[in-house]
Amino acid sequence: MHNNRVYYSATARTVVATLVIAFTACGWVFGQDVPPPLAPPPYTDYKAEELANRALDANLYMETSAEYRACCYQAYNLALFRLKAELAQAKAGKFAVVMDLDETAVDNSGFQATQLRSGLAYDQRLWDVWEEQGFDMVGLIPGAKEFILEARKLDVAVVYISNRNEKFREQTKKALVRLGIEPKAKTDAEAEKLLKLYTTSTDKTARRQEAEHDYMVLLYIGDNLRDFDEKLAFDKLGFGEIKKLPAEQLAGVIKARKEAVDKQKGIWGDKWILLPNPAYGDWTKPLDRGRSDYDRLTPPASAK
Ligand SMILES: [Mg+2]
């Protein structure tokens, strides 16, 4: 990760200032009342914790832990191992790996840090500011660049399928150029097709099909289950739109999504390679990031 990256340049400082102003200005609309802390336990040697700090550990895990880096290297080492094994078996053809960008190849901890420090919830307009202006502040996920360069050496195309906005295509390309992982192909037109961004739908299925039409896709790499199969999105599990579900049904949807992963457990680390992202993603959709999340923590089942 790139600690202190946000302080490197005047441009970077301006973007951070813009984001801070935007976060602050949006606060009256998006700021939520923070529930009071839980009553401290009746023992003086325990420490109470503020609910507002809930997302802190997830982001610190990504920014400060060596374990997070090790997980990323593990994922990319496995990806390269699997890619070489697939190539050894494959007949001649045009081969590709499909990769997500954010928190798969590109590190946005600068955005996460600014958001968390503002005390505000995620908002699409704030992310838009980051996409448009923060392109010189993103970093690399450990192991991603080495993997991408190795794949290309093996004559495997790297197709990025990302829900970054098509309207910020040039800025995203600048970020990728800066990181040394920009799309590369024999022609510029082909290279453009290797960067498939969001236009009208966050569902990546059609873009995956496009890649599968042009190449034999050997591996898929992402940090969100939707990077692999839209059926694993919370809203596509047959319960309807998750935001409209009553609280008592959320446990059922969470269970169903886990079961969907269990059903195809052999594919993980084989065809699908998952990067860790404890800070955000589809998995947070049923959570309110507030006191009611405690209901998701279940005490251990009693022994039967
Ligand atoms: Mg991602």
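Just so you know, all these numbers are worked out from the coordinates, no wet-lab data involved. Given the structure is predicted, the values throughout are model-derived calculations rather than measurements. Every residue, glycine as well, gets a Cβ built from its backbone with ideal geometry; the counts of neighbours run over all protein chains shown.
Odds and ends about this structure:
- Only helices (runs of 4 or more DSSP H) whose full extent lies in segment 181-282 are considered here, and the ones with at least 1 residues that are within 23 Å of D128 (Cα to Cα) and within 16 Å of the ligand (Cβ to nearest atom) are 205-214.
- Filtered residues of segment 79-118 (kept if among the β-branched types (V, I, T) and over 15 Å from L274 (Cβ atoms)): V106, T114
- Flag for A79 being within 24 Å of A175 (Cα to Cα) and surrounded by 22 or more Cβ atoms within 10 Å (Cβ to Cβ): yes
- Checking D203 against (1) of a type outside the set (K, R); (2) over 18 Å from D100 (Cβ atoms); (3) surrounded by fewer than 21 Cβ atoms within 10 Å (Cβ to Cβ), the condition it does not meet: (2)
- Taking residues in segment 257-269 that are over 14 Å from E230 (Cα atoms), and partners anywhere that are assigned to a helix (DSSP H, G or I), the pairs with Cβ atoms closer than 8 Å and at least 6 places apart or on different chains are W268/V261; G269/L78; G269/R82.
- Looking across segment 97-120 at every residue that is touching a helix residue (DSSP H, G or I) at 6+ places or on another chain (Cβ under 6 Å) and aliphatic (A, V, I, L, M), the one that is farthest from the ligand (Cβ to nearest atom) is identified as L120.
- Among the residues of segment 139-194, just one is small (G, A, S), within 28 Å of Q112 (Cα to Cα) and over 17 Å from the mean Cα position of the chain (by Cα), namely G180.
- A Cβ distance below 6 Å, combined with a sequence gap of six or more or placement on separate chains, defines the contacts here; from segment 94-106, residues that are at positive phi reach residues that are within 15 Å of the ligand (Cβ to nearest atom) in the pairs E103/D223; E103/N277.
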